[in-house]
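Working notes for the structure below.
Throughout, read-outs are computed from the coordinates displayed, never taken from laboratory work. Source: prediction; values computed, not measured. Glycine gets a Cβ as well: all are built from the backbone with ideal geometry, and neighbour counts include every protein chain shown.
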Amino acid sequence: MNVMITGGAGFIGSHLVRLFVNKYPDSRIINVDKLTYAGNLANLSDIEDRPNYTFVKADICDYDEMLRIMKEHDIDGVIHLAAESHVDRSILDPFTFARTNVMGTLSLLQAAKVCWESKPEGYEGKLFYHISTDEVYGALELTDPEGVESPFATTASSSEHHLAFGTEFFLESTKYNPHSPYSASKASSDHFVRAYHDTYGMPTLVTNCSNNYGPYQFPEKLIPLFINNIRHGKPLPVYGKGENVRDWLFVEDHARAIDLIFHKGKPGDTYNIGGFNEWKNIDLIKVIIKTVDRLLGNPEGASEHLITFVTDRKGHDMRYAIDSRKLQRELGWEPSLQFEEGIEKTVRWYLDNQEWMDRITSGDYRDYYEKMYAGR
Ligand code: NAD
Ligand code: TYD
């Protein structure tokens with residue numbers, strides 16, 4: 001099979017590309033990425049020379065280029081992750097989010113349609129799989145601010161922290177109600193994907209996942225930003241009172257879910273993917289501080305003074321919590337890592353890969369890789 005993965009140089013995309021390149025040596029994996037500030041080919045340096053891997057630098061908004069790539073590589077399946085993904089940036093620059101997330105997805109859908117409809121077999125054996133977010137469902141209320149026993153705790157949830165902070169959860173049937181320009185653009189792209197299924201009969205899938213954490217995440221997102229700031233003794237900017245709740249999933253578990261759904265999911269369907277793992281930001285931040293201090297050999301709590309409460313994010317969604325029992329029931333997926341294990345692995349990775357982090361924060365990684373790929 002020839003699989004196009006868009007956004008493969010980003011955080012989740014790089015884990016997915018690595019998984020597919022290693023697991024499917026007889027498939028060809030084509031990574032299409034524009035290499036925006038968030039795209040980093042260093043995330044894939046371990047697999048870049050594999051014979052079943054090809055990198056193409058391109059913008060998903062460029063319809064002609066998408067069609068050319070689809071035809072040249074005879075693409076059977078698209079797994080679409082390329083996006084602008086940071087809520088804070090979307091508040092400052094919504095147009096870029098509409099362009100990439102909405103128009104980019106539309107140009108890719110249309111390229112897939114034209115390419116596949118021109119084949120004798122049509123849509124037979126083809127699949128367009130769109131990766132989306134739980135943020136499209138809006139925000140849940142914090143009805144249990146101290147947390148109660150989670151109805152969905154699994155062996156992969158935290159060993160000591162089986163908490164839910166409300167009685168409602170996002171289901172596949174939950175009505176879309178996005179609040180940020182980011183989630184509004186993702187919601188719109190999800191609608192276009194379903195429209196191509198319903199209108200043209202394109203085999204499509206959409207999954208909506210909760211917050212991911214793990215290695216290779218761009219350090220503007222909470223967990224890598226805070227790990228890096230603790231290492232440098234810099235303030236940790238906690239929005240509002242730190243009471244917002246997110247449901248965290250280890251990125252490799254998301255990649256495993258995508259693999260399973262790509263191969264076994266029912267075309268036309270939607271699956272929620274979540275960690276069964278809700279944390280209030282402030283509690284999560286304390287776990288990160290504790291882990292970083294321990295691994296750096298600092299006394300316990302040494303970096304807690306770095307916590308700095310700052311003005312809240314505009315329109316900050318209070319709680320996200322996914323009910324992913326459909327995926328569990330129908331395809332047998334569960335997160336594999338317990339949260340403490342995942343956080344330890346993540347903190348250790350960032351501390352062991354300071355060069356990766358320093359190159360991003362100093363901004364010169366892009367020049368390095370642009371040069372490396374020039375002429376290839
Ligand atoms: P990321 O920002 O780390 O990576 C995005 C990648 O897309 C980058 O490599 C970037 O260069 C590429 N890209 C951006 N614009 C492009 C364009 N116009 N053309 C081609 N490539 C372009 O994002 P991520 O966190 O890995 O998220 C990947 C996908 O998963 C996104 O669609 C996001 O909405 C979704 N998602 C993310 C999370 C999360 O917690 N990170 C959770 C659920 C869903
Ligand atoms: P983030 O990683 O940006 O993911 P998302 O907004 O998509 O959930 O943020 C996770 C949570 O952490 C969110 O509630 C916002 C909060 N946050 C802070 O308190 N301080 C920060 O500096 C950042 C980046 C996020």
With +1 at each Lys and Arg Cβ and -1 at each Asp and Glu Cβ, the charge dipole magnitude of the chain around its Cα centre, to the nearest 20 debye, comes out at 520 debye
Residues whose modelled amide H sits under 5 Å from the amide H of THR133, counting only those 5 or more places away in sequence or on another chain, are CYS209
The lysines whose Cα lies under 17 Å from the Cα of LYS326, excluding any fewer than 8 residues away in the same chain, are LYS175, LYS264, LYS266
Burial-style ranking of 103-112, 345-354, 3-12, average other-beta-carbon count within 10 Å with highest first, yields 3-12, 103-112, 345-354
One would report the antiparallel percent of DSSP beta bridges in the chain, rounded to the nearest 5, as 15 percent
Taking the dipole of the chain about the Cα centre (Lys, Arg +1; Asp, Glu -1; charges at Cβ), the one of ALA42, ASN272, ILE131 that reaches farthest to the positive side is ALA42
For the stretch 308-319, in residue order, the Karplus 3J(HN,Hα) values (coefficients 6.51, -1.76, 1.60; θ = phi - 60°; whole Hz; Gly and Pro = x) are 10, 6, 10, 3, 5, 4, 5, x, 4, 4, 6, 9
Most packed first (mean Cβ within 10 Å per residue), the peptides 46-59, 298-311 order as 46-59, 298-311
Quick note, the stretch 3-69: a/c under 1.5 would make it rounded; otherwise a/b > b/c is prolate and the rest oblate (a ≥ b ≥ c, C-alpha gyration tensor); here it is oblate
Over all viewing directions the Cα convex hull of the stretch 2-374 casts an average projected area in nm² of 17.7 nm²
The answer for trypsin sites (Lys or Arg not before Pro) in the stretch 82-138 that fall in a DSSP coil and have at most 16 neighbouring Cβ atoms within 10 Å is none
Sorting VAL17, GLY342, LEU249 by the position of each Cα along the dipole of the chain (Lys, Arg +1; Asp, Glu -1; all at Cβ), the one nearest the positive end of that ordering is VAL17
Straight-line reach check, LYS234, cutoff 30 Å on alpha carbons, 8 or more apart in-chain or any other chain, hits among lysines -> LYS221, LYS280, LYS286, LYS290, LYS314, LYS345
